[in-house]
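Q: Have a look at this one.
No lab work stands behind these numbers, since they all come straight from the coordinates. Predicted, not measured: the structure shown is a model, and the values here were computed from it. Here the Cβ is made from the backbone with ideal geometry for all residues, glycine too, and neighbour counts use every protein chain on show.
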Amino acid sequence: MRLDDVEGDAGIEDRRGQRGAGGLGGGLGGMKIGKGGGIMGIVIALVIAFVGRGALSGGGGGGGTGIDVGDILGQMGGGQANVASAPTDAGGGAKDAQYEFVNDLAIVLEDYWSTQFSSSNQNFTKAGIVLFDAPTSTGGCGVGQPEFGPFYCPGDSKIYIDLTFYEKLENQLGFSGDFAFAYVMAHEYGHHIQNLLGINAQVTEASRGASQEEANDLSVRTELQADCFAGAWAKSAYDDERLEAGDFDEAINAARAVGDDAIQRKSTGQVNPEAWTHGSSADRQKWFRTGFDSGNPSSCDTF
């Protein structure tokens, strides 16, 4: 992915190198980065219409897939840690190539979504970005653990990224590349967009009294919409000539690898659709492609 022309400071909170109780260290593994340096109203209406038909769900990710990389590519789902000992101050790590890549990618994502909101005459607030490698406190989602993988916390509107997760994704789920990482981050930014639009709040409200089946269903739809939002952003990156040879395939392969069926099959040898919370490989690829092919977030009607 080409980001060599991006300038600015995304205001990343770098908590790497700080240690809380049970903190984990480690590097990024094999991640290769920096290879060369009226819409929203429609989406809201789609969610309201779906919830109005009686569909219920319970918020973010989670869900019984069994693989030890945790709740990959979803919103935060549980975990225990000592809150008092979890670090909260920023500034632990150096501004290395990893930091710069995340910074530049955050700026490109922010620019895209601020333009989308502006065109719909709606207020936009950028997502915060936190890099961490040990248990870290969040503003409303408990303590983030490295084994969760990346997640978005609607309580403080921040995306939490443990860069060491990428090595696990490569080793356990079999995908790699800088645009695969861009897909991950764009998906989490999609959750931020859902938060700004009130979609997360509607899903939470709809979850009250829901059955597990209903909860899983709307969770899947929420996750697939974030995939579609990521695809719409990826199309803008393509139009801006940021994608390089193989980048699109990296994202599609990542979407396939993190499908609930693929993770279940790899971890247990069996597939149980009733336990899905993020969607099948085919559906994750389909909705990323839907966003990419249209280049328009209003095409992301997963509800």
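Q: Under 1.5 on a/c is rounded, so check that first for region 213-282, then, if it is not, pick prolate when a/b is larger than b/c and oblate when it is not; a ≥ b ≥ c are the square roots of the alpha carbon gyration tensor eigenvalues.
A: Taking the square roots of the gyration eigenvalues as a ≥ b ≥ c, region 213-282 is oblate.
Q: Now, a different point. Is region 103-213 best put as rounded, prolate or oblate by its Cα gyration tensor, with a ≥ b ≥ c the root eigenvalues, rounded for a/c under 1.5, and otherwise prolate when a/b is larger than b/c, oblate when not?
A: Judged from the Cα gyration tensor, region 103-213 comes out oblate (a/c at least 1.5, b/c at or above a/b).
Q: Output the relative contact order of region 161-303, whole-number percent, from Cα pairs under 8 angstrom with separation of 6+ residues.
A: Computed value for region 161-303: 33 percent relative contact order.
Q: How would you order 250-256, 150-156, 209-215 from highest to lowest mean count of nearby Cβ atoms within 10 Å?
A: Top to bottom by mean Cβ count within 10 Å: 250-256, 150-156, 209-215.
Q: Given LEU243, THR204, GLY231, which one lies farthest toward the positive end of the charge dipole of region 172-245, if we put +1 on the Cβ of every Lys and Arg and -1 on the Cβ of every Asp and Glu?
A: Checking the options against the dipole of region 172-245, the answer is THR204.
Q: Here's a follow-up. Listed here are the pairs LYS235/LYS266; LYS158/LYS266; LYS266/LYS286; LYS95/LYS158; which of them are more than 28 Å apart at the Cα?
A: LYS235/LYS266; LYS158/LYS266
Q: Ordered by residue, what ³J(HN,Hα) values in Hz, to whole numbers, does region 125-130 give under the Karplus form 6.51 cos²θ - 1.76 cosθ + 1.60, where θ = phi - 60° and Gly and Pro are x?
A: 10, 5, 6, x, 10, 10
Q: Residue by residue through region 236-251, what is 3J(HN,Hα) from phi via Karplus (6.51 cos²θ - 1.76 cosθ + 1.60, θ = phi - 60°)? Round to whole Hz and write x for glycine and proline.
A: Per residue, the Karplus-derived 3J(HN,Hα) values read 5, 5, 5, 4, 8, 6, 8, 7, 10, 3, x, 5, 4, 5, 4, 5 Hz.
Q: Here is a further query. Based on the alpha-carbon gyration tensor of region 195-242 and its eigenvalue square roots a ≥ b ≥ c, which shape applies: rounded if a/c is under 1.5, prolate if not and a/b is larger than b/c, or oblate?
A: Since a/c reaches 1.5 but b/c is at least a/b, the shape of region 195-242 is classed as oblate.
Q: So for each of 179-189, 265-275 I average, over its residues, the number of other beta carbons within 10 Å; can you give me the resulting order with the highest mean first?
A: Ranking, from highest mean packing down: 179-189, 265-275.
Q: Can you list residues from other chains, or at least 5 along the same chain, whose modelled amide H is less than 5 Å from the amide H of LYS158?
A: For LYS158, whose amide H was placed from the backbone, the distant partners under 5 Å are GLY128, CYS153.
Q: Got a sec to turn the phi values of region 133-147 into Karplus ³J(HN,Hα) couplings, 6.51 cos²θ - 1.76 cosθ + 1.60 with θ = phi - 60°, whole Hz, x for Gly and Pro?
A: Once rounded to whole Hz, the list reads 9, 8, x, 9, 6, 10, x, x, 10, x, 10, x, 10, x, 6.
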